[in-house]
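Only the coordinates and a few stated rules stand behind these numbers; no lab work does. Every value quoted in this text rests on a predicted model; they were computed, and no experiment measured them. Neighbour counts run over all protein chains shown; Cβ positions are idealised from the backbone, glycine included.
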Amino acid sequence: MKTELLKKALKRHKALKNEFKNTYVNDQNKATKPDVPAGLYEQCPSCKKNLNKKTLVVHHYVCDKCGHHFRLRALERILLTLDKHSFLEKGLGFITLNPLFQEGYEQKLETARKKSGNDDAFVYGYGEIEGEPCVLGVLDSHFMMGSMGSVVGEKVVKSAEYAMLKKLPLIIFSASGGARMQEGIFSLMQMAKTSSAIKELHEQGLLYISVLTHPTTGGVSASFATLGDIIIGEPGALIGFAGPRVIKQTIKETLPEGFQRSEFLKEKGLLDKVVHRKDMRIILSTLLQLHKPRNETNDNT
Amino acid sequence: MFQKVLVANRGEIAVRIIRSCRELGIETVAVYSTVDEDALHVHLADEAVCVGEAPAKASYLHMENIISAAINTGAEAIHPGFGFLSENAKFAELCESCNIAFIGPSSQVISDMGDKAKAKTLMRSAGVSIVPGSVGEITLEEGLALIKEMGLPVLIKASAGGGGRGMRIVRHESKFKTQYFAAKQEAAAAFSSDGVYLEKLVENPRHIEVQILADKYDTVLHLFERDCSVQRRNQKVIEEAPSNIDVSLRNQMYEAAIKAAKAVKYENAGTVEFIVTDNAFYFIEMNTRIQVEHPVSEMITNIDIIQEQLKIASGMRLLFTQESIKSQGHAIEVRINAENPVKNFMPSPGTVTFLHVPQGPGIRFDSMLYQDYTVSPHYDSMVGKLIVHASDRAHAISKMKSALEELITEGITTNQWFVWMIMNHQAYVEGSVDTSFIVKNIKKLIRYEN
């Protein structure tokens, strides 16, 4: 065919041209070589598509291809959830110690602190959602997997106490691997401590909304995270006490599809609702509005 | 100067850019979709990378694939051509962050000029005349006062709008009140904001644009203007330079275009578009890319605009002054599209079984066609541009006619005879056409068949 003739001829011409190609010095071998800078793209762990970081932020850190919800840092969560400039952090200045003298724990803490910029895995404070005041607490899974040690436990209790003091509803976003192993029994203690704080909150008739995000497991799921008056899950979040692999190996049976995932748990009645991240603000503000005490003025600041 | 440039486009413009690169000794990388495997630009380029499936969204518009192609082949710059990613600020930004030179202005300028409201505000503050109207939203009283000041007819437009919704034409002052509230209501329903603004309606204007070149060192030059008034559905059909409007008005337009470019710190080649009525001109938009009709300016000034683009992007200075650029003769360009004017301009893709291209002094045919090439239905129907250059307008028209008569593209139907009819139309020959010319004369213009 004529197309083939054209291709052949042009190829021949190119070869001829290359024979006379100048052997110029390539001055482009400097630092400005074209390349994709680190952090411009992120791979979706679920569908393996490369996502532009900027578009990802616009889409609330949710993959626009498959709907995978990325894990958030505490600050990102606060920015996504609360009104602009409404967050006032409380409970600063807690210091995490090494009560059981575990080797390497201090170092681990130090790197986690540097990476996240937080003292420990829990951040809480006063905030507003669509103008509705509340106390917001966020567990940061990027800080030692959001594990609950003495400081996290204490701060959760403090956040509940602060809510009681100000007569405000409490919202906690959980994302945790469970109790912090390095603190042993001190960590396990926090389960009882946080649970009793939530009970007190409940007795005072204040609303507690618990939002479970990927992953909420271990001691956290077995204490304050599942004690919410209303429990919301993010789509696809792993929620459970022991992980699916452990259960599978113990009971030696295949687990049903979607086991321990939000949608599965909603069906079984553990969760009240599975909420996409883009709707989270609207749902939370509606809930806050519905549960607002009537004929009472809140004097909170 | 760059060593290797990736051409992120297809068809005629890709071929055109590759040719200019070759002249400058730059290696080229072509990108293509699966249906364009046999396209001319793929075989002319030194290297070619397949970037995806036939739909433009999966290939020529797929930013990540194109950036990867550039990085993998070691191209230092990307020329976006026109259409596709050429006016995509996000793509320009992506190139910038990946250390690849985007041959065009900065992403900031692209996004500023892409936002029509923002572009107009910028131009107003730079002192470039824009279509008279209100500054921002108006109330009924303000609107009535403004009408008295600038006269009728006027357009009421929704501030949040687009696509003609919430738009009302007012020809009589008595109708203003009802139309004002109707527009407000429509805007509120469509865009959930009932703000409206007022603009003078410029009826059947002429469309004149000024080509500019700006380097990184604050030199801004113009390459005269182009008259693109012959349009069909906002698509230009015929372009020519110079235009036959008053010289003093032309000079004012050049000045305004340079002012506009300087106001936004423009860099690289661009076009400032104006609409012109009797003796006033108004800025409408700025195209931050090379345009389809750039050869017209090239013919009269003898400057290769694509080569200048490459030089500017690589950091070189413009090597000429405004005084040294001379406009010589008259150039006309017609777009040859694979479409059937008789059947309401229906696209007519197919295989070119025989091709004969007109030749001779002052005739240029920019195209990606060759014998046996199959015109794909997936993309734009333009298959080439026929450009002629002669000493004056009358000669250029007769040269264009004879060139069109010589052009043979067997196998596909083109608009060749439709544009030939325009060349023969009295109004066109007299040079008195405006943007409504084709709509008004369509019946006459497609009568060549019988």
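Which residue fluctuates most in the GNM of chain B (Cα springs below 10 Å): B:Phe191, B:Phe281, B:Phe365?
With Cα springs under 10 Å in chain B, the top fluctuation among B:Phe191, B:Phe281, B:Phe365 is at B:Phe191.
Quick one: if you stick a label point 7 Å off each Cα along the C-beta vector at B:Ala117 and B:Arg22, how many nm between them?
Inter-label distance under the simple model: 4.8 nm.
Counting other beta carbons within 10 Å of each residue's own, what order do B:Asp215, A:Asp35 fall into, fewest first? Don't skip to the answer; put the middle values down first.
Numbers: B:Asp215 19, A:Asp35 12.
The order, fewest Cβ neighbours first, is A:Asp35, B:Asp215.
When the distances between all Cα atoms of the range B:140-200 are binned every 5 Å from zero, what whole-number percent does each bin get?
Per 5 Å bin, starting at zero, the Cα-Cα P(r) for the range B:140-200 comes out as 4, 22, 34, 22, 13, 4, 0 percent.
Take every Cα pair under 8 Å in chain B that's 6+ residues apart, average their separations, divide by the length, and report that relative contact order as a whole percent. Please report the intermediate quantities before stating the final value.
Numbers: 941 pairs, mean separation 62.9, N = 450.
Taking the mean separation of contacting Cα pairs over the length of chain B, I get 14 percent.
Pairing the Cα long axis of helix A:105-116 with the longest principal axis of chain A, what angle in degrees results, from 0 to 90 and rounded to the nearest 10?
Tilt relative to chain A: about 70 degrees.
Among B:Ile258, B:Ile130, B:Ile156, whose mean-square fluctuation peaks in a Gaussian network model of chain B (Cα, cutoff 10 Å)?
Per the Cα network of chain B with a 10 Å cutoff, B:Ile156 tops the list.
Please list, ordered by chain and number, the residues whose modelled amide H lies under 5 Å from the amide H of B:Ser106; skip anything fewer than 5 residues away on the same chain.
B:Glu267
Taking only C-alpha pairs under 8 Å that are 6+ residues apart, what is the relative contact order of the range B:4-103 in percent?
Numbers: 183 pairs, mean separation 28.9, N = 100.
It comes to 29 percent, rounded to a whole number.
How much length is gained if the chain between B:Ser174 and B:Thr34 is pulled fully straight, taking 0.36 nm per residue apart and subtracting their Cα-Cα distance, in nm to one decimal?
Working: separation 140, 0.36 × 140 = 50.40 nm, distance 5.94 nm.
The B:Ser174-B:Thr34 span can extend by a further 44.5 nm.
Past 19 Å, Cα to Cα, is the threshold; run A:Lys2/B:Lys385; A:Lys11/A:Lys33; B:Lys216/B:Lys259; B:Lys116/B:Lys175; B:Lys116/B:Lys200 against it and keep the listed order.
Pairs exceeding the cut-off: A:Lys2/B:Lys385; A:Lys11/A:Lys33; B:Lys116/B:Lys175.
For B:Ile208, A:Ile247, B:Ile284, what ranking results if the residue with the fewest other Cβ atoms within 10 Å of its Cβ goes first? Let's see the in-between values first.
Numbers: B:Ile208 23, A:Ile247 16, B:Ile284 19.
Ordered by Cβ neighbours within 10 Å, fewest first: A:Ile247, B:Ile284, B:Ile208.
Taking only Cα atoms of the range B:297-373, what ratio of Rg to Rh do you get with Rh as the Kirkwood inverse-distance radius?
Details: Rg = 17.9 Å, Rh = 16.2 Å.
Reported Rg/Rh, Kirkwood definition of Rh: 1.10.
Rounded to the nearest 0.05, what FRET efficiency is calculated for A:Ala38 and B:Lys57 with R0 set to 30 Å and r the Cβ-Cβ distance? Please list the in-between numbers first.
Numbers: r = 27 Å, r/R0 = 0.91.
With R0 = 30 Å, the Cβ-Cβ based efficiency is 0.65.
With unit charges on the beta carbons (Lys and Arg positive, Asp and Glu negative) and the dipole taken about the Cα centre of the protein assembly as shown, which residue among A:Phe241, B:Asn279, B:Ser376 sits farthest to the positive side?
After comparing all options, I get A:Phe241.
Exposed loop chymotrypsin sites (Phe, Trp or Tyr not before Pro) only (DSSP loop, at most 13 other Cβ atoms within 10 Å): please give the longest stretch of chain A free of them, not including the sites.
Working: sites that count: A:Phe20, A:Tyr24, A:Phe101.
Result, exposed sites excluded: A:102-301.
For the range A:72-290, with only Lys/Arg (+1) and Asp/Glu (-1) charged at the beta-carbon, what is the dipole magnitude about the Cα centre, in debye rounded to 20?
On the way: 25 positive and 25 negative charges, 63 e Å.
It works out to roughly 300 debye.
I want to check the label-to-label distance for B:Ser327 and B:Thr351. Put each point 7 Å from Cα in the C-beta direction and report it in nm to one decimal.
Taking the two extended label points, one gets 4.6 nm.
When the scattering of chain B is computed by the Debye formula from its Cα atoms alone, each counted once and equally, what is log10 I(q)/I(0) at q = 0.08, 0.12 Å⁻¹?
Debye output, listed in q order: -0.49, -1.12.
I'd like the FRET efficiency for A:Lys292 and B:Thr374, computed as 1/(1 + (r/R0)^6) with the beta carbon distance as r and R0 of 60 Å, rounded to 0.05. Can you show the working numbers first?
Working: r = 68 Å, r/R0 = 1.13.
Result of the calculation: an efficiency of 0.35.
Mind sorting B:Ile290, A:Ile232 by how few other Cβ atoms lie within 10 Å of their own Cβ, fewest first? Please report the intermediate quantities before stating the final value.
Working: B:Ile290 26, A:Ile232 23.
Listing B:Ile290, A:Ile232 from fewest to most nearby Cβ atoms yields A:Ile232, B:Ile290.
Along its three principal axes, how long is chain A when you only count alpha carbons? Whole Å, largest extent first please.
88, 50, 48
Take every Cα-Cα distance within the protein assembly as shown, group them into 20 Å bins from 0 onward, and report for each bin the whole-number percent of pairs it holds.
Binned Cα distances yield the sequence 14, 35, 30, 19, 3.
Find how many whole Å separate the alpha carbon centroid of the range B:204-269 from the alpha carbon centroid of the range B:312-335.
12 Å
Mind checking the angle between helix B:11-23 and chain B's longest principal axis? C-alpha axes, 0 to 90 degrees, to the nearest 10.
Around 60 degrees separate the two axes.
If the only charges are +1 at each Lys and Arg Cβ and -1 at each Asp and Glu Cβ, what is the size of the charge dipole of the range A:88-140 around the Cα centre, to the nearest 20 debye? Before the final figure, lay out the partial values.
Details: 5 positive and 10 negative charges, 49 e Å.
Rounded to the nearest 20 debye, it is 240 debye.
Check chain A for me: any Cys whose beta-carbon has no other cysteine beta-carbon within less than 4.7 Å?
Lacking a cysteine Cβ partner under 4.7 Å: A:Cys134.
I'd like the projected area of the range B:36-104, averaged over all directions, using the convex hull of its alpha carbons. Report it in nm² with one decimal. Can you show the working numbers first?
Numbers: hull surface 17.9 nm².
Spelled out: convex hull of the Cα atoms, projected over all directions, averaged, 4.5 nm².
About its Cα centre, how strong a charge dipole does the range B:208-280 have in debye, to the nearest 20, once Lys and Arg get +1 and Asp and Glu get -1 at the Cβ?
Details: 9 positive and 12 negative charges, 50 e Å.
It works out to roughly 240 debye.
What is the Cα coordinate range of the range A:154-258 on the first, second and third principal axes, sorted by size from largest, in whole angstrom?
Principal extents (Cα only, largest first): 49, 31, 18 Å.
In straight Cα distance, which lysines are under 29 Å from A:Lys108, not counting same-chain residues fewer than 8 positions off?
Of all the lysines, those that pass the test against A:Lys108 - Cα under 29 Å, at least 8 places apart if same chain - are A:Lys53, A:Lys90, A:Lys155, A:Lys158, A:Lys193.
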